[in-house]
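Since every read-out is calculated from the coordinates, none of them should be taken as a lab result. None of these values were measured; they are calculated from a predicted model. Because the Cβ atoms are built from the backbone with ideal geometry, glycine has one as well, and the counts that use them run over all protein chains shown.
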Amino acid sequence: MLAQGKTPNVLIAAARREPVVHMPEGSESQGSVTRPVRALILENRMAVFVLDKKKHPLMPCSEKRARLLLERGRAVVVRLHPFTIRLKDRLGGETQPLRLQLDPGSRTTGIALVREDETLDPDTGEVRREAHVVWLGELTHRGAQIRDRLASRRASRRRRRTQNLRHRAPRFLNRTKPQGWLAPSLRHRLDTTLSWVARLQRLAPITSLHQELVRFDTQAMQNPEISGIDYQQGELAGYEVREYLLEKWHRTCAYCGAQGVPLQIEHIQPKSRGGSNRVSNLTLACAPCNERKGSQPIEHFLKDKPTVLHRIQAQAKTPLRDAAAVNATRWALFERLKATGLPVASSSGAQTKYNRQRLGIPKTHALDAVCVGPLEALHGWNRPTLAIKATWRGSYQRTRLDRFGFPRGYLTRRKRIHGVQTGDRVVAEVPSGKHAGNHVGRVAVRKTGSFNIQTARGVVQGISHRHCRVVQRADGYGYAIHPTLTEEARRVA
Ligand SMILES: [Zn+2]
C-alpha cells in the first residue's frame, strides 16, 4: 500500500487538487499544476498495473479505465511508480500471455512488456507473430558511481595502512575470486535488472521472458538451416554477418586500412573463382579498394604487399573470439533469468537492429527491448516510458570524509526525520515565501526539519517538513516519465 494510507484515491485527488502525482517530471513548471494533469492522464497512454483483491496480478488496463475504477471506489492505489491499482471486489480473472523483454546495456537496460499475438494468415496459412506493447521502462544503473566509490574507499584505506606500516612487506595478490565472480559494478547491473523482473512479475501476469543475449548470432551464421525463415531469405543473415565483420575487421578497410569510410563486404576469394559465401571468406573493403581488386584472386591483387596478404589470410581464418562477441554480464543475467522458472528466450543484437530498421522504430533503450527477438508486426509502441534510475538507499558509514580520508563531519544515526526519509518522493505545497508553490520530487532530509527536494527543474533547498507529504516511500529508485515520442522526434530518428 501507499505509504500514507490516508489518501486512498490518489489519482482522483491528483486530478482534483494535487495533480502532481502522475505528472512527468519537467512538465510541472508551467504555473498552476492543477490544470494540466487531467489532460495528461487522458493523453498519456501508459498501462496501469492491476491487482486483484488478494494482490494477484491481472491484465494491465488503460489509464482511463483505472480512473473510472478509482472514481467509482472499486479500486485503490497501490503504487504511483509504476502506477498500480488493486481491485477491491475482484478475485482472479482471465489473463493473456505477457512477455517481458530485456535489452541489457552497460548504463541503461531497456524493459518492455508486450502481449504476444499469433494470428493465422487466411491466405497463406502462415502464423504471424505480432506484438502489442503494454508497458515501457528504462532502468538506469549506477555502476560508474559504485566503481568510483570503491576506488575512493580503497585509496583511503591504503593511505591509512601505509602511513604507519611502511616497513611491512607488501601483501597483495593473495586473494582468489570465486568462479563466476563479477565486479560489484557489474553485479549491481545484474541485481537491479533481476529485481525489476521480480517486481514486474508481481504486478503483471508475465508468462515468458526474452533477452538480447549476444551482439551477433555466430551459430546462425554458420548453420543457416538451424534457424527461421528470415535467415534462409538472407536479409537478417546479412545483418548478422555485417555486424560480425565490422567487429572482426575493426571497422577498417582490410587492404588500405582506411577508417571512418563506408565499407563494403568483400569476398577474399572472388565468387567468380569459386570463393564461398562463408564468413571466413569475407572481409571489409572501402569502395576504391573493392573496385581495384575486382575479381582478381587475392594473391594476385596483393602480390606487392606480402605482409598485408599474410595478415588478411591469417585474420580471415581466425574466428572472432567468443569473449569479444559475448558479454559476461549478459550470460550471467541469462542464467539467472532461467532460474525464475519462466521460459527464457534469447536473440542477437543484430536481430534487434534488423527489426527496428524494418519496422521504422526510433532508437531508445525501451524500444530496443520491444524489438528483441523474432517479430513481424508491432502495435502501440509510441507510448510514454517510465525512466527508472537506480539511486542508493543511503550509506552505513556515518562519518563524512575529506579527500584525504580524514573525518570531516558526522551524519545523524536517525534515518527518518519527521516521518520522512531521504529518497522518499514528496509533494510540498509551500504557501508563501521564496519557494512558494508546489514542488514534487525526491527529498533529502536534514535533522533540522528543513529539507531539500530534487525536482525536475533542480534542487529546491530549505523546504520545511510541515509542507511535505510523502507520496511514495524510498525504494532505491528515482522515477520520471518520458512522454511519447512526437512525430518530429520520430522523423529525426
Ligand atoms: Zn581501402
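A few remarks follow.
- On the basis of the beta-carbon distance and an R0 of 41 Å, Arg278 and Arg74 show a calculated FRET efficiency of 0.05.
- Debye equation applied to the C-alpha atoms of the stretch 354-482, log10 I(q)/I(0) at 0.09, 0.18, 0.19 Å⁻¹: -0.43, -0.96, -1.03
- Ordered by the count of other Cβ atoms within 10 Å of each Cβ, fewest first, Phe216, Phe172 give Phe172, Phe216.
- Applying a DSSP loop filter and a limit of 16 other Cβ atoms within 10 Å to the trypsin sites (Lys or Arg not before Pro) in the stretch 380-468 leaves Arg393, Arg398, Arg403, Arg413, Arg414, Lys415, Lys434, Arg446, Lys447, Arg457.
- Spatial offset of the stretch 116-179 relative to the stretch 444-478 amounts to 29 Å, using the alpha carbon center of each.
- In this structure, the amide hydrogen of Lys88, modeled 1.01 Å from its nitrogen in the peptide plane, lies closer than 5 angstrom to those of Ala75, Val76, counting only residues at least 5 positions away or on a different chain.
- Förster radius 60 Å - calculated FRET efficiency between Arg457 and Ala314 (Cβ-Cβ, nearest 0.05): 0.55
- Subset of Lys303/Lys353; Lys55/Lys363; Lys88/Lys338; Lys248/Lys305; Lys248/Lys293 violating a 29 Å alpha-carbon distance limit: Lys303/Lys353; Lys55/Lys363; Lys88/Lys338
- Whether the stretch 101-219 is rounded, prolate or oblate, judged on the alpha carbon gyration tensor where a/c under 1.5 counts as rounded: prolate
- Within straight-line cross-link reach of Lys447, lysines at Cα separation under 17 Å, skipping those fewer than 8 residues along the same chain: Lys415
- Trypsin sites (Lys or Arg not before Pro) restricted to the stretch 289-379 and DSSP loop, no more than 15 other C-beta within 10 Å: Lys303, Arg321, Lys363
- Considering only alpha-carbon pairs that sit under 8 angstrom and 6 or more positions apart, the relative contact order computed for the stretch 73-119 is 24 percent.
- Full extension of the chain segment joining Asp52 with Ala287 gains 78.4 nm, where the gain is 0.36 nm per residue of separation less the Cα-Cα distance.
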